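A.B. asks: So that we are looking at the same thing, I have put the structure below in structure tokens.
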Amino acid sequence: MQAWGTVVVTLAILMVVTVDAKIYERCELAARLERAGLNGYKGYSVGDWLCIAHYESGFDTTFVNHNPDGSSEYGIFQLNSAWWCDNGITPTKNLCHMDCHDLLNHHILDDIMCAKQIVSSQNGLSAWTSWKRHCSGHDLSQWLKGCAMQVKTDPKNYP
């Protein structure tokens with residue numbers, strides 16, 4: 001009987017953890033990124049951000065990647081624990097002043113604020129290897145096809 005109670009408690013905990021998880025649909029994420037001010041931010045389009053999120057996490061807010069150097073990457077933009085957040089394990093600069101686990105829920109405004117800080121550095125979106133490999137120099141209009149929004153996809157249109 002005690003084993004049954006343990007199973008029930010474990011399932012209850014798992015349900016609470018997964019309730020806050022979210023895998024965004026492409027157009028839903030595009031609208032969220034636009035509302036958060038990323039369209040045109042530092043000259044990059046929503047298409048750039050969607051491309052990064054796709055290649056980094058598959059639009060999954062709970063995605064965690066463990067690197068060979070001992071650091072981990074968290075959330076929809078895969079923010080690294082050595083530089084941007086504190087996971088309590090990796091020595092970190094914690095430049096976004098946040099707990100890495102705060103990046104693993106459907107509330108992505110904190111992810112976006114940290115990503116804005118990263119893109120404001122001298123490297124811009126080149127801080128993400130996936131952007132350099134899959135997004136930079138490519139036609140990013142495909143990321144917004146079928147989305148009911150008016151978004152400029154050419155960063156040259158921004159001041």
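A.B. asks: Using a 7 Å offset from Cα along Cα-Cβ at Tyr55, what residues in region 111-127 end up with backbone N under 18 Å from the label point?
C.D. replies: Under cut-off, by backbone N: 115-116, 118-120, 123-127.
A.B. asks: Taking amide hydrogens as modeled 1.01 Å from N in the peptide plane, which residues meet the under 5 Å criterion relative to Leu79, leaving out close sequence neighbours?
C.D. replies: Those qualifying (amide H under 5 Å, at least 5 residues apart or on another chain) are Tyr74.
A.B. asks: What ranking of Ile89, Ile118 comes out by heavy-atom accessible area, probe 1.4 Å, highest first? Don't skip to the end; give the middle numbers.
C.D. replies: Details: Ile89 140, Ile118 5 Å².
Listed by decreasing accessible area, they come as Ile89, Ile118.
A.B. asks: Would you mind getting the accessible area per residue of region 46-125, heavy atoms of the protein chains only, 1.4 Å probe, in Å²?
C.D. replies: 43 Å²
A.B. asks: OK, next. Keeping the other protein chains in place, figure out the carbon and sulfur percent of the accessible area of region 37-159, with a 1.4 Å probe.
C.D. replies: 49 percent
A.B. asks: Further question: Which cross-chain or sequence-distant (5 or more) residues have an amide H under 5 Å from the amide H of Asp99, H modelled 1.01 Å from N in plane?
C.D. replies: Residues meeting the criterion, in which the H sits 1.01 Å from N, are Asp86.
The values are calculated or read from the model by the stated rules, or taken from the named source; none is laboratory data. The model shown is predicted, which means the values in this text are computed figures rather than measured ones. Glycine gets a Cβ as well: all are built from the backbone with ideal geometry, and neighbour counts include every protein chain shown. Side chains included, ligands, DNA and RNA excluded: accessible areas come from the protein's heavy atoms. Shrake-Rupley method; radii C 1.70, N 1.55, O 1.52, S 1.80 Å.
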